[in-house]
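Comments concern the structure below.
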Amino acid sequence: MVDPANRLRTNGSNLDPCSEAEIAHLRAERDLYRRLLDLRQQQDPESFLREALALVVEVSGAIYGYIELYDEENGTAGPRWWMAHGFSEEQIEGVRTAISGGIIAEALATGETIMTPSALLDPRFNERNSVLVGKIEAVLCAPIGEDVPHGVLYLQGRASSGLFSNEEQERAESVARHLAPLVEVLTSRQQTVASQDPTAPWREKLRLDLVIGRSRALAAVLKHLALVAPLDVNVLVTGESGTGKSQIARVIHDNGPRATQPFIEVNCATLPEGLAESELFGALPGAHSTATRRMEGKVAAAQGGTLFLDEIADCSLAVQAKLLHLLQSKEYYPLGGNRPLRADVRLIAATNTDLGQAVAERRFREDLLYRLSVLPLRVPSLAERREDIPELAVFFCDAACRRHGLPHLELSRGAIRAAESTEWPGNVRQLAHAIEAAAIRTAGGGDRKVERHHLFPDELEAPASSGRPITFQEATRRFQAGFLRDALEETGWNVVETAHRLDLARSHVYNLIRAFALTRGDR
């Protein structure tokens, strides 16, 4: 690529070097364009426009800057993006309302740059209300885009008096010409990423530390979570055991209004039956045999923050009654106390139990269920987000290596395929434990790559007559392999027909064939 600063000017048949002034001008233009291109490293159009506006304000000597950019399809129905620079927070909305009806409207209508040393004295604008209200002096307003204006770049005020110079006008117009296509590139990049990763929009908005996966099922959870987290309401998190309900509860807290306050987690299934009330609500001295001093409960510990009750279905009816009172009145009584204490807590509960069935069986209070499930959130099983298994497996392998001080290990393609094809009734928790054990076996054997046999040491081909009891997981894999083999034989190994019969994606059938090492005529 030829540096424009070294470009030569043609004059008849002679080639004369550019003048020093022209070289300086070309270099300034080149540097401005390079700085503008560097801003494409921003991840979203809003950040790009913010930085681009600051750049053009700097190179033009303006005091204030403003950008409005429209969708090509929507014309001027309303700006898709707008960005202000130099205006105070209090001024911004007024600025948008005032200037959009004056000079900006003129630039959009004519498609030409408008420049004036003082809008207040310019007969084209001095009677416009927006100019009078804003007491607008020096203005440079350039349409964005080549042919049809897609928006405007508006600069107001100068550090020195007078008109914007021709050079400053050229710089502003140069930026304005390039803004629309550069924003389009960023928007296209954003849309591509979003189509490949449906969780991307929520990852930009939420703190999602250690939330692994990019499946549509997980994206649906994050979409609901984005709605629930900012609201100071009770949440009931449901889902099978091992799906990550505790992690989701933590994410709700971290993205809510109480994020800087305590997060207290209680597993109700582990609370001693006779001490559950005092564990949760505290106890005064003498309230029971072990209460020799005042005991602070988990509700008090969570004051101002979030109380997370995991496995809430395991609470006794007596504890449920106290929880209902807490939710209704924001008050509770310590065990042995006769004065209520105020409780400022957000309650998140989780369960893998069908609470509707538990209500029918009178094991769970119906009124408490209604209080808890203001905005219920269901966490999908691992079977519903199977495409997340490879990323989860790699994450768990790396975590196991760090936890146990093992050398870095990689998962082979065969191990990942085997993990994808396996049923995990224990969901993410079971997968994590299996990967951790596989990493330990791999390192213990001196290997550097986790293979299928590390993950499933009980080989599929182990003879049933060996007398060794098989695990549930091994039996499941044997059944799946045999079932798939039969289906393939019946269709003459037509994968498309087999996938249709088994109601599976064709790609998943191929993965299963590879994972089970099935070959035609292997009976």
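The values are calculated or read from the model by the stated rules, or taken from the named source; none is laboratory data. All of these numbers come straight from a predicted model, not from anything done at the bench. Using ideal geometry, Cβ is built from the backbone for each residue, glycine included, and neighbour counts are taken over all protein chains shown.
Could you check segment 370-408 and list, in sequence order, the residues that are more than 23 Å from Phe516 (Cα to Cα), modelled with pLDDT of 90 or more and touching a strand residue (DSSP E or B) at 6+ places or on another chain (Cβ under 8 Å)?
Leu372, Pro376, Leu377, Arg378, Val379 - these are the residues of segment 370-408 that are more than 23 Å from Phe516 (Cα to Cα), modelled with pLDDT of 90 or more and touching a strand residue (DSSP E or B) at 6+ places or on another chain (Cβ under 8 Å).
Limited to segment 206-224, what total is found for residues that are at pLDDT below 90 and among the charged types (D, E, K, R)?
Matching residues across segment 206-224 total 1.
Go through segment 332-356 residue by residue and tally those that are within 27 Å of Ser246 (Cα to Cα) and modelled with pLDDT of 90 or more.
Within segment 332-356, residues that are within 27 Å of Ser246 (Cα to Cα) and modelled with pLDDT of 90 or more number 16.
Results for (1) more than 15 Å from Ala350 (Cβ to Cβ); (2) crowded, with 18+ Cβ neighbours inside 10 Å; (3) touching a strand residue (DSSP E or B) at 6+ places or on another chain (Cβ under 7 Å), shown as yes or no for each residue.
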residue: Asp232; (1), (2), (3): yes, no, yes
residue: Thr238; (1), (2), (3): no, yes, yes
residue: Arg250; (1), (2), (3): no, yes, yes
residue: His253; (1), (2), (3): no, yes, yes
residue: Gly305; (1), (2), (3): yes, yes, yes
residue: Cys315; (1), (2), (3): no, yes, no
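Consider Val148 carefully, then state whether it is modelled with pLDDT of 70 or more and under 40 Å from the mean Cα position of the chain (by Cα).
no
Given the condition β-branched (Val, Ile, Thr) and assigned to a loop (DSSP other than H, G, I, E, B), answer yes or no: does some residue in segment 228-236 qualify?
Within segment 228-236, one or more residues are β-branched (Val, Ile, Thr) and assigned to a loop (DSSP other than H, G, I, E, B).
Collect the residues in segment 159-170 that are modelled with pLDDT of 80 or more and either part of a helix (DSSP H, G or I) or surrounded by fewer than 18 Cβ atoms within 10 Å (Cβ to Cβ) (or both), keeping them in residue-number order.
Ser165, Asn166, Glu167, Glu168, Gln169, Glu170
Suppose the filter is aromatic (Phe, Trp, Tyr), modelled with pLDDT of 95 or more and within 20 Å of Phe364 (Cβ to Cβ); does Phe263 pass it?
no
Can you tell which of Phe396, Phe364 is closer than 27 Å to Thr238 by Cα, surrounded by 16 or more Cβ atoms within 10 Å (Cβ to Cβ), in the same structural domain as Phe456 (by TED's automatic domain parsing) and free of Cβ contacts under 8 Å to residues at least 60 places away in the same chain?
Phe396
Here's the yes/no breakdown for (1) in contact with a Cys (Cβ under 8 Å, 6 or more places away or on another chain); (2) among the small types (Gly, Ala, Ser):
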position	(1), (2)
Leu231	no, no
Glu240	no, no
Gly256	no, yes
Cys268	yes, no
Leu275	no, no
Gln303	no, no
Asp310	yes, no
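Which condition number does Ser421 fail, the rest of (1) buried (at least 16 other Cβ atoms within 10 Å of the Cβ); (2) over 19 Å from Ile212 (Cβ atoms); (3) modelled with pLDDT of 90 or more being met?
That leaves (3) as the condition not met.
Considering only segment 461-472, I want to know if a residue exists there that is surrounded by 14 or more Cβ atoms within 10 Å (Cβ to Cβ), modelled with pLDDT under 80 and more than 26 Å from Cys401 (Cβ to Cβ).
Yes, because at least one residue in segment 461-472 is surrounded by 14 or more Cβ atoms within 10 Å (Cβ to Cβ), modelled with pLDDT under 80 and more than 26 Å from Cys401 (Cβ to Cβ).
In this structure, does Thr519 turn out to be assigned to a loop (DSSP other than H, G, I, E, B), more than 34 Å from the chain's Cα centre (by Cα), modelled with pLDDT of 70 or more and of a type in the set (S, T, N, Q)?
yes
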